[in-house]
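Below is one structure, written out as structure tokens, with a few remarks after it.
The values are calculated or read from the model by the stated rules, or taken from the named source; none is laboratory data. What you see is a predicted model, and the numbers here were worked out from it, not measured in a lab. Note: ideal-geometry Cβ built from the backbone for every residue, glycine included; neighbour counts use all protein chains shown. We work out accessible area using only protein heavy atoms, side chains counted, and drop any ligands, DNA or RNA first. Shrake-Rupley method; radii C 1.70, N 1.55, O 1.52, S 1.80 Å.
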Amino acid sequence: MTTIGTTARARSAGREDAVLAAGIAMIAVQLIWKFALVRRTYFRQDDFHFIARGLEQGLSWDYLMRVDFGHLMPGPFAIHWVMGRLGVYNDLLAHTVTIGLLAAAGLALLRLLHVLFGPRPAILVPLAFYLLTPMTLSALSWWAVVVETLPFQVALPMALGSHVLYVRSGRFRHAVAAAAWTVLAMAFFVKAPFILLLAFVLTLGWFPRADRRPAWLLYLTLIAIYAAIFFQRLSASVTLTNDAVRPALPDPATAAGFTWQLLTSLVSTALGGPWAWQPIGDDYAIAATPQALVWAGLAVAVAVVAASVRYRRTAWLAWLTLLAYFLLADVVPVAIGRIVQLGPDLGGLELRYVSSTASVLALVIGLAFLPLRGEERPWLRPLPRLRHAWIPLGALIAAGSLWSAAAYARLPLGDQVRSYVETARLALKRVPSGSVILDAHVPGKVAHAMFFYDYARVSKLLGPLAAQPVTWTRRLTGPVPRPLAFDGQGRLRPVVISGVRIPQRDGCTRISGKETRLRLPAPVRAGEWTVQVGYLNPKSTELSVRLGDGTAAVRAGSGFGWTFAPVRGGGGEVRLRTLDGGTACVGEIRIGVPVPAEDAAAIPPDPVTR
């Protein structure tokens, strides 16, 4: 008998080792596969704002605890702060962190499945779903989303696994571990409090006999403290326009449209979709599921849920938990914080809003189809003979997931933005010290000015890359020698005023204290303009430049040069006079906006490419 028992235990241990080894191998293969995608990504949009803001700030309470669009996230802000001091836009470091977090999230989910269901091979199915699902793909190409959602996907299964150990053993240290993992998640993601609600439902539905009131007191205390800090910081935080943060509730039709669209996106990606993507620029995309496949996916989802509810005793509760989590954690925060700006259709196709739900869905798949370790009477009725009929469906989902991933990988991803930033880095290294650079907005492919305001200006975004002192100016005023501007590829070129031009007359036009009128070849509409005046003066003087109702006073130096006057006005003529009683001799005059001269020599001559 002893020999038989020892052999049985050895076989059990061997099977357990084999299942865990297979799970670890699956996670390793996923890392290799996803690294091929991650390595092609770069920073985008919010990433530049967060890193630039971190470089401006100390690691203070106010910096870390600012609520950004409804997100309290001191963890990501701390990472951005460090990132800015380790190479500013260090994509190699970002990729390393991403892959490390992906590995940790996969291992954390494997641990949770093992704790809940035991070392049975079936736990590899929900693990495979999590590793393959396209639900998380777009989030991996956005650094700001990575550092919010992936730590949460590590902490959620770790916290639930520790809670299950506490429920089974009664050892309070496991509850403390669950609370600690939840606190870690709270530092990164606004959905973290729902971890404890999942723990509560898990206990009531699958461990109803467990009476663990000390843990509930601990968990409720955590949620209360988090809520108090969140709402206090929400009231103290301001937007980039220095306005108070005011959550806006959408109208019922907008909320319903967003909820339906996001639900269909969740279902489609759970079944291997979206199969097609709608690019948002070159470095990101949202779901573009064909409408026929949306309805087919909903039909398949209904069939899967119905089959599980027919046979698995608590399957209904698993799916109800998923629906409640989706509504409370995925829909409500976005509906309050952003859907008014995004609209229901665009917001509902954004998979980053459900990317972190992939780990919850993997857990629900396990709860809906697998008995827990030691669970009594898990089935409502005997299982059918065709119990492996799910395998063809699983194969189709896996194939669809690979198809969707391949379609996403066909995007240029971070190539163009990386080229712009790295070209600008090289330009700032080569430009002469003390150069004057026009502080314009970067291209929208890098950061949209309508969202990030001053943080979309080159001084904020590219200034930290400068290897030597340069001067940034938003408006050219006075005799600025050889001003430069960044072109659309990140190269520095001389500035030219693009607009109307009054050519130089024979010799020059003498200007005195009496106003001289110079007619434009074509009128300019009222607006903000830069007037460039070329001159050849015997001595320095001060000029009054008038365009319509707008007037500016600027200095014009001695000798040959040019001066710039920012004027708000319009009309068909420009009027000049000296203000100090002296005389000036002016040549060519240009009125328009300062832009990089595309036909002039660039620094560097060619954009940086990989």
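May I ask you to verify whether S404 is more than 19 Å from the chain's Cα centre (by Cα), open to solvent by less than 40 Å² (accessible area, probe 1.4 Å) and touching a residue at least 24 places away in the same chain (Cβ under 8 Å)?
yes
Would you check which residues across the stretch 80-105 are of a type in the set (G, A, S) and farther than 23 Å from A52 by Cα and list them?
Scanning the stretch 80-105 gives G100, A103, A104, A105.
Go through the stretch 385-427 and give me each residue that's outside any helix (DSSP H, G or I) and in contact with a helix residue (DSSP H, G or I) (Cβ under 8 Å, 6 or more places away or on another chain).
Matches in the stretch 385-427: L413, G414.
Go through the residues of the stretch 418-431 one by one and say whether even a single one is modelled with pLDDT under 90 and surrounded by fewer than 22 Cβ atoms within 10 Å (Cβ to Cβ).
No, because not a single residue in the stretch 418-431 is modelled with pLDDT under 90 and surrounded by fewer than 22 Cβ atoms within 10 Å (Cβ to Cβ).
Looking at the stretch 69-90, can you tell me whether even one residue there is open to solvent by 10 Å² or more (accessible area, probe 1.4 Å), hydroxyl-bearing (S, T, Y) and out of contact with any strand residue (DSSP E or B) (no Cβ under 6 Å at 6 or more places or on another chain)?
No - not one qualifying residue is present in the stretch 69-90.
List the helices (runs of 4 or more DSSP H) that sit entirely inside the stretch 44-145 and contain at least 1 residues that are over 15 Å from the mean Cα position of the chain (by Cα), farther than 30 Å from Y166 by Cβ and of a type outside the set (V, I, T).
Filter on the stretch 44-145 gives 46-56, 61-64, 74-84, 91-117, 124-132.
Go through the stretch 354-393 and give me each residue that's under 31 Å from the mean Cα position of the chain (by Cα) and either open to solvent by 40 Å² or more (accessible area, probe 1.4 Å) or over 18 Å from R111 (Cα atoms) (or both).
The answer is V354, S355.
Do you know which residues across the stretch 407-417 are over 19 Å from the mean Cα position of the chain (by Cα) and buried (at least 18 other Cβ atoms within 10 Å of the Cβ)?
Correct list: empty.
Name the single residue, out of those in the stretch 195-227 being of a type in the set (F, W, Y) and under 16 Å from R173 (Cα atoms), that is least open to solvent (accessible area, probe 1.4 Å).
For the stretch 195-227, the residue satisfying everything is Y219.
How about the stretch 562-583: which of its residues are touching a residue at least 60 places away in the same chain (Cβ under 8 Å) and on the phi > 0 side of the Ramachandran plot?
Of everything in the stretch 562-583, just one residue is touching a residue at least 60 places away in the same chain (Cβ under 8 Å) and on the phi > 0 side of the Ramachandran plot, namely G581.
On the basis of being within 44 Å of the chain's Cα centre (by Cα), under 18 Å from L438 (Cβ atoms) and not small (G, A, S), does V500 make the cut?
Taking the combined requirement at face value, the residue does not satisfy it.
For the stretch 54-87, enumerate the residues that are within 19 Å of V97 (Cβ to Cβ) and among the charged types (D, E, K, R).
Hit for the stretch 54-87 is R85, nothing else.
Please name all residue pairs, on different chains or six or more residues apart, with Cβ atoms under 9 Å, provided the first residue is in the stretch 62-90 and is within 17 Å of L465 (Cβ to Cβ) and the second residue is open to solvent by 30 Å² or more (accessible area, probe 1.4 Å) and β-branched (V, I, T).
So the pair list comes out as M83/V97.
Hey, could you check the stretch 13-46 for residues that are closer than 30 Å to F452 by Cα and aromatic (F, W, Y) and say which is surrounded by the most Cβ atoms within 10 Å (Cβ to Cβ)?
The qualifying residue surrounded by the most Cβ atoms within 10 Å (Cβ to Cβ) is F43.
Out of all the residues in the stretch 582-595, is one or more in a loop (DSSP other than H, G, I, E, B) and surrounded by fewer than 16 Cβ atoms within 10 Å (Cβ to Cβ)?
The answer is yes, given that some residue of the stretch 582-595 is in a loop (DSSP other than H, G, I, E, B) and surrounded by fewer than 16 Cβ atoms within 10 Å (Cβ to Cβ).
Looking at G444, is it within 30 Å of W316 (Cα to Cα) and at pLDDT 90 or above?
Taking the combined requirement at face value, the residue does not satisfy it.
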